[in-house]
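Contents: one structure, followed by commentary.
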Amino acid sequence: MLRYFENRGAVFLELLNRDYGAWLDALPAELAPADADGTGPAARVRGFAEAYAASLATRPVMCELASVLERTVSVETVRAYKRQAMANNDRLAGVIHARLPELDGAAAREPASATIVLIAGLWPLAHPGPTVVAAVEDPALLTAHVDFPARYSRMIELLTTSLLGPATP
């Protein structure tokens, strides 16, 4: 494998791009259409955020790869990764806009661009190593456990709702 890539980091970035693209291919079918339930924007945002988070939670490999650092690869590898990541963000913004038409294209790019950052931060907290698992068994640390779909959903809901403005019922 390393014959085709400069190092393991480059392999991981390529796998992340492929998995992210496959997720984007499947995501529209996993989300309810914009007018599916006839509810207002706030309920639509909540339903969207929950389905969005649940979709990510079923893709642990992609979420693990999202925390790969770009420091061990060449400038050209990073550029290629960033180009694909930007194209993926544009695709995701299109999916978000289709499900939440209250958000214009620029507003839909906000939760899209936050996706990898939120995954990279929350996934390791929700899926800790054995030492952390043992440590948080302490009753004083029970609240340190992170439920990935619930926390991710809430963060996307808050971000998206803030983009709708104060008139959201």
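Only the coordinates and a few stated rules stand behind these numbers; no lab work does. Not measured: the values here are computed from a predicted model. Positions of Cβ are generated from backbone atoms using ideal geometry, with glycine treated the same way; all protein chains shown enter the neighbour counts.
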- Computed magnitude of the charge dipole of segment 72-133 (debye, nearest 20; Cβ of K, R +1, Cβ of D, E -1): 180 debye
- Task: Just report the Cα centroid separation between segment 120-168 and segment 60-118, whole Å.
- Result: 20 Å
- Find, among the trypsin sites (Lys or Arg not before Pro) in segment 18-120, those assigned to loop by DSSP (not H, G, I, E, B) with at most 12 other beta-carbon atoms within 10 angstrom. ARG71
- Work out, step by step, the length gained on full extension between ARG18 and ALA54: first 0.36 nm times the residue separation, then minus their alpha carbon distance; give nm to one decimal. 11.0 nm
- Mean residue ellipticity at 222 nm from the helices of the chain, using -39,500 (n - 2.57) per DSSP H segment of n ≥ 4 over the full residue count, to the nearest 500 deg cm²/dmol? -23000 deg cm²/dmol
- Put +1 on the Cβ of every Lys and Arg and -1 on every Asp and Glu Cβ in segment 78-147; which of ALA140, GLY129, GLN84 then has its Cα farthest towards the positive end of the dipole? GLN84
- Student exercise, the chain dipole from Lys, Arg, Asp, Glu Cβ charges, in Debye to nearest 20: 400 debye
- Query: At a Förster radius of 30 Å, what calculated FRET efficiency corresponds to the Cβ-Cβ distance of GLU30 and ALA80, to the nearest 0.05?
  - Reply: 0.60
- With N denoting the number of residues in segment 12-96, provide Rg(C-alpha) divided by 2.2 N^0.38 Å, to two decimal places. 1.27
- Message: Can you list which of the DSSP-assigned H helices in the chain have a Cα extent of 18 Å or more along the long axis and an average Kyte-Doolittle score of at least 1.0?
- Response: 105-126
- Rounded to 0.05, the calculated FRET efficiency for the beta carbons of ALA144 and THR72 at R₀ = 30 Å is 0.50
- Task: Pop the C-beta distance of ALA120 and THR161 into the FRET formula with R0 = 25 Å and round what comes out to the nearest 0.05.
- Result: 0.65
- Go through [x] 207; [y] 136; [z] 104 and flag the label whose value is the computed volume of the Cα convex hull per residue in Å³ for this structure. [y]
